[in-house]
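Trainee: Starting off with a structure, shown below.
Just so it is clear, none of the values below were taken in a lab; they were calculated from the coordinates. What you see is a predicted model; the values in this text were computed from it and never measured. Cβ placement follows ideal geometry from the backbone for every residue including glycine, while neighbour counts extend to all protein chains displayed.
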Amino acid sequence: MNFLQGDVARVLGAQTVGVRPEHLALSTTSGQWPGKILLAEHLGSDTFLHVDGGALGRITARAPGEFPQGPGSPVWMTPDASRLHRFDSEGRALRG
């Protein structure tokens, strides 16, 4: 799970937001969070991307099959809002 803090979490009323690698939609052209691919791990049916998300920090994202870009390439990530996990300052899950 990726844990994000700062403005992205505050906008969602949380101290920390968690998002799983499989709950990020990836694009080479547009999306909610821009980043730069640091490493692409091709694992057969999936490719795991390790991304420098700038102010968001490092993010791991999963793409089905072979992702068309590699290290140094830009990538945009859009989280599935229905699958975000919100936590308070003590690490307790927030509901609703």
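Trainee: Anything in the range 34-59 that is buried (at least 17 other Cβ atoms within 10 Å of the Cβ) and under 14 Å from PHE3 (Cβ atoms)? List them, or say none.
Mentor: If the condition is that a residue be buried (at least 17 other Cβ atoms within 10 Å of the Cβ) and under 14 Å from PHE3 (Cβ atoms), then GLY53, LEU56, ILE59 are the ones that fit.
Trainee: Of the conditions (1) surrounded by fewer than 17 Cβ atoms within 10 Å (Cβ to Cβ); (2) touching a strand residue (DSSP E or B) at 6+ places or on another chain (Cβ under 6 Å); (3) without any contact (Cβ under 8 Å) to a residue 24 or more places away in the chain, LEU94 satisfies every one except a single condition; which number is it?
Mentor: Result: LEU94 passes all but (3).
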